[in-house]
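The values are calculated or read from the model by the stated rules, or taken from the named source; none is laboratory data. Owing to the predicted nature of the structure, the values given are computational and were not obtained by experimental measurement. Methodologically, a virtual Cβ is constructed for each residue, glycine included, from the backbone with ideal geometry; neighbour enumeration extends over all protein chains shown.
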Amino acid sequence: MLDVRDLSVTFPGSRTPAVRNVNLSLGTERVVVVGPNGSGKTTLLRAILGLAPITSGTARVFGQDVSTVRGELRVSTNLAEVYRLISLPVRDLLPIFARLKGGDPAALARRVHEFELEGTLDRKIYELSTGQQKLLGVLLALSAGPGLLLLDEPFDNVDFSRRRRLAALLQEQSGAALLSTHELELLRLFDGWHLAFMFEGRLVGPFETANVDRLFLSRGRVPDALAILETSAGVFSVTLDRGDLPVKNATSLTALVEQLA
Amino acid sequence: MNLAPAYSKALLRNETLWFWGGVFMLFWIVIGAFVESQGLSLAGTALRQYAASWYAVVVLLSLSMLAVAIANSLTYGSAALAYAFRYTRLTPNGYLGSVLVASAIMGFFLGFLILGGTVAVFGARFHASLVPSNIAGLVGVALVAGVFFMALAAILMLVVINYVGLRSTSLVGFVPLMLAYAFGLGQVFLPLPAWLLYGSPYNDITSLLYQGFCGAAAPVSGAGPATLAWPILVAALLAWSVALSAGATFLLRRIRARQVEEGRQV
C-alpha cells in the first residue's frame with residue numbers, strides 16, 4: 001500500500017533536510033511515528049501525499065508514484081489544509097467531502113453526532129478550535145473507509161474522553177495507517193501497532209508499541225541494538241530490556257536524547 | 001464530480017463580492033451619470049451611447065474584480081486541490097468547469113445589477129427611459145466574459161503557485177483589473193485601432209456590451225473600419241475563453257501544494 005524509498009525533503013532556501021533518507025514499506029501494518037515537534041513527521045506525511053517537494057527518493061501509494069497518482073480514493077489524511085477546498089460552513093462541507101471520497105454522507109453525519117461536534121456545523125473550518133479541526137479531519141479521513149490512513153497528530157488539543165473514543169475508532173479500522181504524535185504516553189492506546197521514532201528528519205524502527213516498556217536508549221553504538229539513532233547531539237542505540245535510560249519514563253524523545261547527551 | 005452548485009452557493013453568499021463587484025461599481029455609474037456628464041448635452045441616441053459606454057466599462061471592471069477574488073482563492077486551496085486531484089473523485093476539468101460555471105452565474109447577477117443600476121441612474125439623471133436593445137445578448141456576453149476573466153485570472157495565479165511562489169500573488173492578482181482599466185478606459189479616451197479592439201478580449205467584451213445596450217455597433221476612433229462587427233468580436237472572445245480555459249486546465253493538473261504563509265510580504 002505504501003512504499004517509501006530513500007525519501008528526502010529539503011525546503012527551498014534551507015540547507016538542512018526536513019526529512020532524510022526515509023525508507024518505509026507498509027502492507028496492512030499500522031505504525032505510530034513518535035517524534036518531537038519539528039522532527040519532520042508532518043513533512044513526511046505531506047511528502048507521502050505528494051504535498052511537499054521531494055528532493056530525492058520516491059514515495060508510492062498502491063503502486064503509483066505520488067507525484068502522478070490520480071483519483072486514488074483509498075488514501076486519506078486528516079491534514080487540515082486539504083479540506084480548505086471551498087469557503088462553506090462545515091454542514092455543507094461534510095457531504096461534499098464524503099461524496100468526493102466515495103463515502104456515505106449520512107454515516108459521516110452520525111460520526112459527527114457521536115463525537116458531539118454538532119456545534120461546529122454552522123461554522124467554517126478556520127473558525128473551529130484546533131481540537132475540533134483535528135477531530136473533524138480524522139472523521140473526514142475515515143469517511144471512505146480508507147486503505148491507507150495518514151494521520152498527523154490526531155489527538156492534538158483533543159479532550160481526554162474523546163481521545164479514548166478516537167483511539168478506539170482508529171483501532172477498529174482495517175488497512176494500513178501511519179499516525180504521527182509527539183506524545184509517548186499515547187502509545188498505550190495503540191496496542192498491536194508498530195512503532196517508529198522520528199528525530200531530526202530520520203525515521204528509525206520498526207519496534208512494537210507492546211514493547212514500549214522494554215525499550216531503552218543508550219549512548220553510542222551498542223551491540224545487539226534494535227536501531228541506531230543518529231542526531232546532531234551524537235549517536236544513540238535503541239535497545240531491548242537494558243540500556244542507559246528507559247523510553248517509558250521519558251516525557252518526550254527530545255528530553256531523553258538531551259538527558260543522555 | 002460537479003461542484004458548481006457548491007461554488008455558486010459560496011459566491012452568491014459572499015457579501016464582500018457583492019459589495020466590491022456590485023455596490024461599489026454602481027458608484028462609478030453614479031459618477032458617469034452625475035459628474036462626468038457635466039457640460040454635456042445628452043439626449044436620444046447620444047445619451048444611449050454615453051450610458052452604454054459607462055455600462056460596458058463598469059461591467060468589465062466588475063467582472064475582472066470578481067475573477068481576481070476567485071483566483072486568489074486558489075492560493076488558499078492549492079494544497080486542497082493537489083490532494084483532491086490525487087485522492088478524491090475531483091478532476092482538474094471538473095474543478096475548473098465548476099468554478100467557471102459558478103463565476104459565470106455570479107457574473108450574470110453582477111451584470112444584471114449593473115444593468116439595472118445604469119438604467120435607473122442614467123434614467124433618473126436625464127429623465128429618459130433607457131431600455132437596453134438586446135438584453136439576451138447582454139446576458140450572453142456577461143456569461144462568456146465571466147468565463148474569460150476566470151480563466152485569465154486562474155492562469156496568472158497558477159503560474160505563480162506552480163513556478164514563482166506565493167509572495168507574488170497579491171501583486172499578480174491585480175493584473176486582470178489593471179488591464180481592465182487600461183483597455184476599458186483606453187477604448188473610451190484613446191484612438192485605438194480596429195485590430196487591437198478585435199484582438200483584445202477586454203475590448204471584445206466592452207464593444208459587445210456597448211452594442212447590446214444601445215443597439216449600435218461600437219465605433220472605432222483609430223485606424224480601420226468605422227465600426228466593429230459583432231460576429232468577429234464574439235468569435236474572438238470565444239477563442240480567448242477556450243484557449244485560456246485550456247491553459248488553466250493544463251496548469252491546474254500540475255498544481256503545487258503551497259503553504260498560505262508563504263505569501264506574506266513581511
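Summary of computed values
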| item | result |
| --- | --- |
| Given (1) in contact (Cβ under 8 Å) with a residue 40 or more places away in the chain; (2) over 17 Å from A:L260 (Cα atoms); (3) of a type in the set (A, V, I, L, M), index of the condition A:L226 fails | (1) |
| Residues of the range A:88-146 that turn out to be within 24 Å of B:L12 (Cβ to Cβ) and in a helix (DSSP H, G or I), as a count | 16 |
| Segments classed as helices (runs of 4 or more DSSP H), wholly inside the range B:1-100, with at least 2 members that are surrounded by fewer than 18 Cβ atoms within 10 Å (Cβ to Cβ) | B:4-12, B:15-18, B:24-30, B:44-76 |
| Hits in the range A:64-84 (condition: without any contact (Cβ under 8 Å) to a residue 12 or more places away in the chain and more than 7 Å from chain B (Cβ to nearest Cβ)) | A:Q64, A:D65, A:T68 |
| Count of the range B:148-182 residues which are touching a residue at least 60 places away in the same chain (Cβ under 8 Å) and closer than 18 Å to B:S241 by Cα | 16 |
| Single condition B:H127 does not satisfy, out of (1) out of contact with any helix residue (DSSP H, G or I) (no Cβ under 9 Å at 6 or more places or on another chain); (2) within 14 Å of chain A (Cβ to nearest Cβ); (3) not hydrophobic (A, V, I, L, M, F, W, C) | (2) |
| Selection within the range A:18-54 - in contact (Cβ under 8 Å) with a residue 24 or more places away in the chain and within 14 Å of another protein chain (Cβ to nearest Cβ) | A:A18, A:T42, A:T43, A:L45, A:R46, A:A47, A:I48, A:L49, A:L51, A:A52, A:P53, A:I54 |
| Selected residue [closer than 26 Å to A:D3 by Cβ, of a type in the set (A, V, I, L, M, F, W, C) and either in contact (Cβ under 8 Å) with a residue 12 or more places away in the chain or loosely packed, with under 14 Cβ neighbours inside 10 Å (or both)] from A:A167, A:A233, A:A210 | A:A210 |
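Yes/no matrix, rows are residues, columns are (1) modelled with pLDDT of 90 or more; (2) out of contact with any strand residue (DSSP E or B) (no Cβ under 9 Å at 6 or more places or on another chain); (3) small (G, A, S):
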{"position": "A:K41", "(1), (2), (3)": "yes, no, no"}
{"position": "A:A59", "(1), (2), (3)": "yes, no, yes"}
{"position": "A:F62", "(1), (2), (3)": "yes, no, no"}
{"position": "A:T68", "(1), (2), (3)": "yes, yes, no"}
{"position": "A:R111", "(1), (2), (3)": "yes, yes, no"}
{"position": "A:L121", "(1), (2), (3)": "yes, yes, no"}
